[in-house]
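Worksheet: one structure, shown below.
The values are calculated or read from the model by the stated rules, or taken from the named source; none is laboratory data. Quick caveat, the model's predicted, so the values are computed rather than measured. Cβ sites come from the backbone with ideal geometry, for glycine too, and all protein chains shown count toward neighbours. Accessible surface is based on the protein model in full, side chains and every heavy atom, while ligands, DNA and RNA are left aside. Shrake-Rupley method; radii C 1.70, N 1.55, O 1.52, S 1.80 Å.
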Amino acid sequence: MAVYRGHLASVHYQFAPFSSQLEQTQGAKDFFHTTDWLLRYRLGLRWNLQFNQGFRWNYREHPDGNYSLGGLGDTRLGANYILFSQKSLGAGLELYGEAGGGFKVPTGKFDPDLRSKNLPENFNPGQGAWGWQLQSNWVLKHPVLGLAVTTIFSDQLASKGGYHFGSQWMGQFLLFRHQLIKGDWSVMPYAGLQSEIINRDLDTEGFYAHGTGGKGLFLTTGANLKWSGWMLGGAISFPFHQHYSNAEVGADPRINIQFSRIF
């Protein structure tokens with residue numbers, strides 16, 4: 001979204017499924033549905049302030065019975081400082097760069113005894129603890145083509161019950177093309193790589209929690225359709241290298257949809 005400047009109101013939806021790789025689980029599957037409401041306010045020429053409120057709905061399909069859990073996610077507040085707004089590099093190239101961070105408020109629904117229901121802690125809509133985040137967004141743009149690079153690192157404190165979710169790193173490298181269609185209509189197809197590294201959780205006794213942590217590399221492709229200040233976007237991400245939960249589960253293709261108003 002750093003490609004689009006100015007104030008922003010947006011709703012994002014992500015569908016992320018995982019399948020068990022163990023024979024004894026008989027094809028158990030987990031489906032993570034995430035909806036995020038995002039507000040971005042441009043303060044002066046150098047600051048972007050952000051508010052993000054998520055809602056989670058998670059569903060487990062298992063031969064012994066299905067289970068679902070949903071609710072309000074944690075609230076995130078942040079600010080990015082714009083290092084380069086439209087720095088000319090010559091040959092028609094312009095550089096945009098911003099960096100910043102924020103914190104996470106434990107407003108989400110969190111059950112510290114979820115393991116007793118034979119569900120992992122990450123099925124909770126919230127994480128039950130304060131957290132923080134660092135991020136950077138870079139856009140190298142030509143009049144038609146461009147490159148967008150995003151990195152995000154997040155971590156949190158232990159919950160009241162003593163459970164500590166592992167820190168996470170996400171990186172994204174996307175090539176895009178801006179194409180005018182007619183009048184105020186334009187389309188921006190893109191493709192690239194997305195990577196994530198999730199460190200293992202620590203249980204209430206300070207030991208590594210079983211079935212946590214992992215990493216994945218995804219091939220992502222999608223497009224944004226824009227009319228005046230309105231935008232509809234969609235993307236699909238295919239995993240081609242992964243190792244989650246000690247290879248006990250595998251990530252399936254993910255879907256992202258977003259609807260935004262830029263003003």
- Scope the stretch 198-216; condition surrounded by 16 or more Cβ atoms within 10 Å (Cβ to Cβ) and free of Cβ contacts under 8 Å to residues at least 60 places away in the same chain; matching residues: Ile198, Asn199, Arg200, Leu202, Asp203, Gly213, Gly214, Gly216
- Task: From the list Arg5, Arg40, pick out the single residue that is modelled with pLDDT under 95, more than 23 Å from Phe218 (Cβ to Cβ) and basic (Lys, Arg).
- Result: Arg5
- Looking only at residues in the stretch 179-216 that are of a type in the set (Phe, Trp, Tyr) and closer than 30 Å to Gln242 by Cα, which one is modelled with the highest pLDDT? Tyr190
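For Pro120, indicate whether it is within 16 Å of Asp203 (Cβ to Cβ), over 17 Å from the mean Cα position of the chain (by Cα) and modelled with pLDDT under 95.
On the way: within 16 Å of Asp203 (Cβ to Cβ): yes; over 17 Å from the mean Cα position of the chain (by Cα): yes; modelled with pLDDT under 95: yes.
Yes, satisfied.
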- Among the residues of the stretch 7-53, how many are without any contact (Cβ under 8 Å) to a residue 40 or more places away in the chain, open to solvent by less than 40 Å² (accessible area, probe 1.4 Å) and touching a Leu at 6+ places or on another chain (Cβ under 6 Å)? 2
- Among (1) closer than 22 Å to Leu119 by Cα; (2) at pLDDT 95 or above; (3) not charged (D, E, K, R) - the single one Leu219 does not satisfy: (1)
- Query: Is the stretch 107-117 home to any residue that is in contact with a strand residue (DSSP E or B) (Cβ under 6 Å, 6 or more places away or on another chain), of a type in the set (Lys, Arg) and in contact (Cβ under 8 Å) with a residue 24 or more places away in the chain?
  - Reply: yes
- Query: Pairs, please: C-beta under 7 Å, at least 6 apart or cross-chain, first residue open to solvent by less than 10 Å² (accessible area, probe 1.4 Å) and in the stretch 218-239, second at pLDDT 95 or above and assigned to a loop (DSSP other than H, G, I, E, B)?
  - Reply: Ser237/Pro253
- Task: Considering only the stretch 54-108, state which residues are surrounded by 14 or more Cβ atoms within 10 Å (Cβ to Cβ) and charged (D, E, K, R).
- Result: Arg56, Arg60, Glu61, Asp74, Arg76, Glu94, Glu98, Lys104
